[in-house]
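Since the structure comes first, as structure tokens, the remarks are kept for the end.
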Amino acid sequence: MIVVNATDRRDLVDDSGDSGRPQPGAGGTDPGAAPGKGAPRRPAEPGGGILMGRPFGVPVYVAPSWFIVAALITWVFGGQLERVLPELGNTRYLVSLFFAIAFYASVLVHELAHTVAALRYKLPVRRIQLQFFGGVSEIEKESETPGREFVLAFVGPLLSLVLAGVFYAGMQFVDPPTVPGVLLAGLMISNLLVAAFNLLPGLPLDGGRMLRAVVWKITGKPMSGTIAAAWVGRGLAVAVLIGLPLLTHTGALGNATEEISGVETVTDALLAAILAGIIWTGAGNSLRLARLREHLPDLRARTLTRRAVPVESATPLSEALRRANEAGARALVVVDGQGTPKAVVREAAIAGVPEHRRPWVAVSGLAQDLTEGMRIPAELAGEALLDHLKTTPATEYLVVEETGEIYGVLSTTDVERAFVAAMARPAA
């Protein structure tokens, strides 16, 4: 299964920032502010469990929930082995544990197929995570064309089908009522189920992404494809919630000749509820992400930038704020004698200086020196803008024209507010 990461608006804000900070010239204090000292937060490293390796440079994590499902598979498969190979005794649980590990190795191959395809299309992959219900490949960007989207989604189920064929071929060389025969049969069936489940035409499953690609190709609108595949995914969630317990109860899954206990009925209902919840939530997240990406172009550095006035480092804060108020500006940039910008005065630092002390405090003590990442082109917009802010965290950035002329100061508070507004607007 593939997940395309949405940008988390919390990553846009510096640890020392505050979305409720007053504007320059306003009163109030900020106890968390340290004048002249920025406290940028480093981007969070991928995580989510135990790191198992980095095939193709992509970290693979095993989530703690995997150990729960591995124990469950060991117990259930061990019970089946007791009926098929009773001579194994308690050794059957070691065989079952091997099956659980081999099954998730097959799931990893499924996810690596997505990863290789994504890297082939130059789409960065954040991580692969093996978890309770299979695996997830977290890809940072959307495919550029519906054709690539279709291929990217299809290669996973395709590899699962290929693995099922390999295990079926292996069955031809062993006796069925043996440990190798049972293991190969179980792996063949499990990979067929993985492929069939992922080919269901609803988001967030691979089949849903394939449906999205088809509708995208027909309509020319990726959003239309997402809406169609997400609603089909929600329909699948309802079908799983209702249909899976019914199929099990009526014996449609092969239990017609066996009496189904109350414990099994509750287990089937719980499993159906968990699966339905995962599908429903994934479909909703896909809609949310698509809505965000549709409105991302509205986030432009030029339109979000505050007008700024240049001041020299020795200028008292009260005088700098007076100039800003006269000019209708909302930010201060520290420049040298030749007018070259050297630092940006932090809004939180200004708020931390009581008004009666402002005539005696120079702006240099409240400024954060400019680094290369804190200079942003005025034309930067959309996902590129958010990626830049996440890569170089700060509270304020200097926005410059192509000529190097100062355009103004961009505050992460304003970006965050615009981000939230973009998320709240309905999709076109």
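Read-outs throughout are calculated quantities, based only on the coordinates presented, and are distinct from any laboratory measurement. Bear in mind the structure is a predicted one, so any value in this text is a computation, not a measurement. Cβ: placed from backbone, ideal geometry, glycine included. Neighbour counts: every protein chain shown.
Given labels modelled 7 Å from the Cα in the Cβ direction, how far is it in nm from ARG83 to ALA421?
6.3 nm
Can you give me the distance in nm between label points at SER65 and VAL266, each placed 7 Å from the Cα along the Cα-to-Cβ direction?
Result for the modelled spin labels: 2.2 nm.
At 7 Å along the Cα-to-beta-carbon direction for both LEU94 and GLU383, put a label point, then send me their distance in nm to one decimal.
With each label point 7 Å from Cα toward Cβ, the separation is 5.0 nm.
Could you sort out which of LYS217/LYS390; LYS141/LYS221; LYS122/LYS342 sit more than 27 Å apart by Cα distance in this structure?
Among LYS217/LYS390; LYS141/LYS221; LYS122/LYS342, the Cα-Cα distance tops 27 Å for LYS217/LYS390; LYS122/LYS342.
Could you please report the charge total around GLY134, scoring K, R as +1 and D, E as -1 over all other residues with beta-carbon less than 13 angstrom from its beta-carbon?
My count for the surroundings of GLY134 gives -2.
Taking amide hydrogens as modeled 1.01 Å from N in the peptide plane, which residues meet the under 5 Å criterion relative to LEU199, leaving out close sequence neighbours?
Close amide H contacts, sequence-distant or interchain: GLY207.
Given R₀ = 45 Å, what would the calculated FRET efficiency be for ILE274 paired with ARG300, taking r from the Cβ atoms and rounding to 0.05?
So, using R0 = 45 Å, E works out to roughly 0.60.
Compute the FRET efficiency between LEU51 and LEU119 as 1/(1 + (r/R0)^6), taking r as their Cβ-Cβ distance and R0 = 25 Å, and round to the nearest 0.05.
According to the calculation, E is roughly 0.85.
Would you kindly derive the ³J(HN,Hα) couplings of the range 153-170 from the backbone phi angles with the Karplus curve 6.51 cos²θ - 1.76 cosθ + 1.60 (θ = phi - 60°), listing them in order in whole Hz, with x for Gly and Pro?
Values per residue, Gly and Pro as x: 7, 6, 5, x, x, 4, 5, 5, 5, 4, 4, 4, x, 5, 5, 5, 4, x Hz.
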